[in-house]
1. Kindly identify the range 185-383 as rounded, prolate or oblate by the Cα gyration tensor criterion: order the square roots of the eigenvalues as a ≥ b ≥ c, call it rounded if a/c is under 1.5, otherwise compare a/b with b/c, prolate if a/b is larger, else oblate.
2. Check each of the GluC sites (Glu not before Pro) in the range 152-252 and keep only those in coil by DSSP with at most 13 other C-beta atoms within 10 angstrom; list them in order.
3. What angle, in degrees between 0 and 90 and rounded to the nearest 10, separates the Cα long axis of helix 243-256 from the longest principal axis of the Cα atoms of the chain?
4. Taking a ≥ b ≥ c as the square roots of the eigenvalues of the Cα gyration tensor of the chain, is the shape rounded (a/c under 1.5), prolate (a/b larger than b/c) or oblate?
5. What is the diffusion coefficient of the range 60-175 in µm²/s, taking the Kirkwood radius over Cα pairs and the Stokes-Einstein relation at 10 °C with a viscosity of 1.306 mPa s?
6. Just the number, please: carbon plus sulfur as a percent of the accessible area of the chain, 1.4 Å probe, no ligands or DNA/RNA counted.
7. Which one of G376, M250, T200 is farthest out on the positive end of the charge dipole of the range 185-383, using unit charges on Cβ (Lys, Arg +1; Asp, Glu -1) and the Cα centre as origin?
8. Give the angle, between 0 and 90 degrees and rounded to the nearest 10, that separates the Cα long axis of helix 389-398 from the longest principal axis of the Cα atoms of the chain.
Amino acid sequence: MTFKTLDDADLAGKRALVRVDFNVPMADGRVTDDTRLRAALPTIEKLRKGGAKVILLAHFDRPKGKRVPEMSLKPVVEPLAKLLGAPVAFADDSVGPTAKAAVDALQPGDVLLLENVRFEAGEEKNDPALAQALAANGDLYVNDAFSAAHRAHASTEGLARVLPAYAGEQMRRELQALDAALGAPKRPVLGIVGGSKVSTKLDLLNNLVGKLDRLAIGGGMANTFLAAQGVDVGASLCEHDLADTARQIMATAKAKGCELLLPVDVVVAEKVEPGAASTVRDLDAIGAADRILDAGPKTLARLIAAMDASATLVWNGPLGVFEVPPFDKATVDAANHAAQLAKAGKLVAVAGGGDTVAALNVAGVTEDFTFVSTAGGAFLEWMEGKTLPGVAALNEQVG
Ligand code: ADP
Ligand code: MG
């Protein structure tokens, strides 16, 4: 990784155009969860302290290149100002005379939020003309939106090509954590991939088997692997049409020296209901009406032993139907064990994915993991080994 950070930048008096992720949950024009606003604070505060003029650039929702009043970023101003303890100015446009006038009025340390950049048709097209128009209001570009880095848009990629570009604090933290998990990790590296379906995680599985020392497959997708090996999975969720694909992934893992850990026992029930009567079954004892909803105790013990034997863990996807207790047990127990190892400095534990983050929150261990990514699509594309255009543009700056 060769990107520049704010420590490398000369900030005093400079106009810093900062791409943030303010795509926050809103209801009736009010921000209902300010997690993403808080995530941007370290970068904003560092820039203010350095004497920069802070110009925030973000998208909200999908206005598709047109001005949609309900998709204005204006409702972000007040909660952000409160969090910062400083005024936040707002410009009704992200480019043009309105934006320029607002930028020209800034003093060092001031903060300005520009209107939803996706109101501009050139944003999602990564139109160089829009990148130039945005760049006219900045001396340097700071990208702090890892979650948007899998898109090559004018504000996430194009700008890094026309202004000196730096990774913001949140971006830097995320890239360093991801590099510690898959880029240049301490070995042995263990992966856990769970979730419902193999079909949604093919690229991810194929990339991981080439990089990991061990890969534990759990959740509904493990059923497809078990069935491909001749196990009768009863009434469980299973993509029988992907049996060949599953066998191919198993063969690749073997060829690349990645040990696959598939379930050796399972928790089954006939219904997915809270508190449903559940039974532990060995793989040869699954009944026709049984639905596999969680990993069994032997499987969990083996996974925990694998964690103990690893230096790094990278995790995407729950091991069971964690939304419906008691089928959250394997996920919660595994998460607790990983968190304890991470806290004790024995394991670098990195996790991400929408439902994975929710599951770790259920377990109450998010804070104890080394890093939990809330980036969604960008995190998954990174786990799939894909180049993220927004990150590539930061790296190429340095050459
Ligand atoms: P993420 O959002 O973290 O990438 P996924 O969307 O791939 O994760 O998977 C999460 C979903 O997988 C959850 O809704 C969970 O209920 C489901 N799941 C896990 N195990 C099973 C199972 N054995 N059968 C059916 N669904 C499962
Ligand atoms: Mg999901």
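1. Numbers: a/c = 1.62, a/b = 1.21, b/c = 1.34.
Oblate.
2. Numbers: sites: E157, E169, E174, E239; in loops: E157, E239.
Listed in order of number, the matching sites amount to none.
3. 80
4. On the way: a/c = 2.29, a/b = 2.07, b/c = 1.11.
It comes out prolate by the Cα gyration axes.
5. Values: Rh = 14.8 Å.
Rounded, D is 107 µm²/s.
6. Values: 8170 of 16470 Å².
After summing per-atom areas, the C and S share lands at 50 percent.
7. M250
8. With both axes taken from Cα atoms, the answer is about 60 degrees.
The values are calculated or read from the model by the stated rules, or taken from the named source; none is laboratory data. Only a predicted model underlies this, so the values are computations on that prediction, with no experimental measurement involved. When we count neighbours, we look across all protein chains shown, and the Cβ atoms used for this are built from the backbone with ideal geometry, even at glycine. Calculation scope for accessible area: heavy atoms of the full protein, side chains included, ligands and nucleic acids excluded. Shrake-Rupley method; radii C 1.70, N 1.55, O 1.52, S 1.80 Å.
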